Amino acid sequence: MPARCAPATCEGGRSPAPGVVVNAPRPSRSTADANTRQRYRPQTRLGLGGVAIGNGFAPASDEQSEETLAAAYAAGVRYFDTSPWYGLGLSERRYGHHLHNHPACGYTLSSKVGRLLTATAGELQDTMWKDPSPFHYRYDYSADGVRRSVEDSLNRMGVAQLDVVFIHDLSPDNEKDLGMPWEQRFAEAVKGAMPALTRMREEGLIKAWGFGVNRPEPALRAIEEADPDIFLLACQYSLLDHEEALHDTFPAIARHGASVVVGAPLLAGYLAGRDRYLYDGTVPQWAPKKRAAVQAICDRHGVDLRTVALQFADAPEVVSAVIPGARTPEQVQANVASMSVAIPPVLWAELKQAKLIADDAPVPAA
């Protein structure tokens, strides 16, 4: 497998596509008493989320998934996020099948811990995945569980190293599947997963760690308990719904000196024209009217709604990447193209004047 290499020799001098945006450091809002060490950020601010590659919402073939991953790499995407949970190992295997052919220093790879997989020939547990791999899963946020999870992920993918590890789904919205109050599992992670990941970072086995969650409470508590570097916050910051993250969650993370990866910036396709909102598929009653109002302003200025949504999610200083998912090469290419469109400032002004986005919401510079 390709070895880690010096940036000067990596990728044969190739650079990501212009629309992808290499992740140059942004100004930090962290306070003087925050940890001032340089924290790792993904190589490009546009990444690829791994839910669809793991057969989220609908099945995809291995061939289609390989074409999608190849299109992302060819277009300059250099951040790839996956998880053992996505398709019960399927997303990781498909990611690894493509990425092991590239020098490991040439991309950022993140995966997750918290669930351990065990092969089974019996009936599978009920999940959201279509035609998943034949594995059972169980939760484990202990130090030993985290070490095993990282090793399992590396073996499934056939790659040399994970750059970022997220503690996954340890969140109030997942209590039913956790089988207990999330605070109990969090206490397990405080003693186990968090110090274990900190040691891995200190040993150079990973570059950064944090939480991958759909609610803000675990991320905010993690800052109080440990020293995380980066948070994958899904379902929390989008063109249609962003006030809590903007005013509460983001400032706290910025004060710590950490960054945010925005998951589901298109609301699982809702801001790309699908009538599917996030992961349970239920469209909130208020959403169609708001989306239509935003769409009308976008249409008036000749800008695609997907483009406005992705650039909006990428605009805050604390954001280090946005990771929309994709099932096809065409979806990847559309996402990449959206990042290089020049959006007229008057469009953002109209959205604010109409109270469709917060008055103080950051927007891309002209």
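The values are calculated or read from the model by the stated rules, or taken from the named source; none is laboratory data. Please read all numbers here as calculations on a predicted model, not as lab measurements. All Cβ positions, glycine included, derive from the backbone under ideal geometry; neighbour counts span all protein chains shown. Just so you know, the surface numbers come from the protein's heavy atoms only, side chains and all, with ligands and any DNA or RNA stripped out. Shrake-Rupley method; radii C 1.70, N 1.55, O 1.52, S 1.80 Å.
Here is a yes/no grid of residues against (1) touching a residue at least 40 places away in the same chain (Cβ under 8 Å); (2) part of a loop (DSSP other than H, G, I, E, B); (3) open to solvent by less than 50 Å² (accessible area, probe 1.4 Å); (4) of a type outside the set (Lys, Arg):
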| residue | (1), (2), (3), (4) |
| --- | --- |
| GLN285 | no, yes, no, yes |
| VAL303 | yes, yes, yes, yes |
| VAL308 | yes, no, yes, yes |
| VAL322 | yes, no, yes, yes |
| TRP348 | no, no, yes, yes |
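Can you report the number of residues in segment 81-129 which are in a loop (DSSP other than H, G, I, E, B) and either open to solvent by less than 40 Å² (accessible area, probe 1.4 Å) or touching a Phe, Trp or Tyr at 6+ places or on another chain (Cβ under 6 Å) (or both)? Steps first, please.
If we filter segment 81-129 for residues that are in a loop (DSSP other than H, G, I, E, B), which is where we start, we get 82-89, 100-103, 107, 114, 120-128.
Next, from what is left, pick out any that are either open to solvent by less than 40 Å² (accessible area, probe 1.4 Å) or touching a Phe, Trp or Tyr at 6+ places or on another chain (Cβ under 6 Å) (or both): 82-89, 102, 107, 114, 120, 127.
So the count comes out to 13.
Tell me, which residue of segment 221-246 that is touching a residue at least 24 places away in the same chain (Cβ under 8 Å) and part of a helix (DSSP H, G or I) is farthest from ALA292 (Cα to Cα)?
GLU225
With the requirement that a residue be in a helix (DSSP H, G or I) and touching a Phe, Trp or Tyr at 6+ places or on another chain (Cβ under 7 Å), what does segment 200-214 give you?
If the condition is that a residue be in a helix (DSSP H, G or I) and touching a Phe, Trp or Tyr at 6+ places or on another chain (Cβ under 7 Å), then ARG201 is the only one that fits.
Any chance you could count how many residues in segment 160-194 are touching a Pro at 6+ places or on another chain (Cβ under 7 Å), in contact (Cβ under 8 Å) with a residue 24 or more places away in the chain and in a helix (DSSP H, G or I)?
2
Would you confirm whether or not segment 256-267 contains a residue that is open to solvent by 20 Å² or more (accessible area, probe 1.4 Å), assigned to a helix (DSSP H, G or I) and either out of contact with any Lys or Arg (no Cβ under 9 Å at 6 or more places or on another chain) or without any contact (Cβ under 8 Å) to a residue 24 or more places away in the chain (or both)?
yes
Mind checking which pairs have a first residue in segment 115-127 that is under 19 Å from SER171 (Cα atoms) and in contact (Cβ under 8 Å) with a residue 12 or more places away in the chain and a second that is assigned to a strand (DSSP E or B) and open to solvent by 70 Å² or more (accessible area, probe 1.4 Å), Cβ under 8 Å, 6 or more apart or different chains?
ARG115/ARG138; LEU116/ARG138
Among residues belonging to segment 130-159 that are among the basic types (Lys, Arg) and not in a helix (DSSP H, G or I), point out the one that is surrounded by the fewest Cβ atoms within 10 Å (Cβ to Cβ).
Step by step, filter segment 130-159, then rank; the result is ARG138.
Being open to solvent by less than 10 Å² (accessible area, probe 1.4 Å) and in a loop (DSSP other than H, G, I, E, B): is that true of LEU197 here?
Details: open to solvent by less than 10 Å² (accessible area, probe 1.4 Å): yes; in a loop (DSSP other than H, G, I, E, B): no.
Here the answer is no, as LEU197 does not meet what is asked.
If I ask for residues that are part of a helix (DSSP H, G or I) and touching a residue at least 24 places away in the same chain (Cβ under 8 Å), which ones from segment 60-80 would you list?
ASP62, GLN64, SER65, GLU66, GLU67, THR68, LEU69, ALA70, ALA71, ALA72, TYR73
Please pick out the residue among ASP280, ASP314 that is of a type in the set (Asp, Glu) and open to solvent by 20 Å² or more (accessible area, probe 1.4 Å).
Exactly one residue qualifies, and that residue is ASP280.
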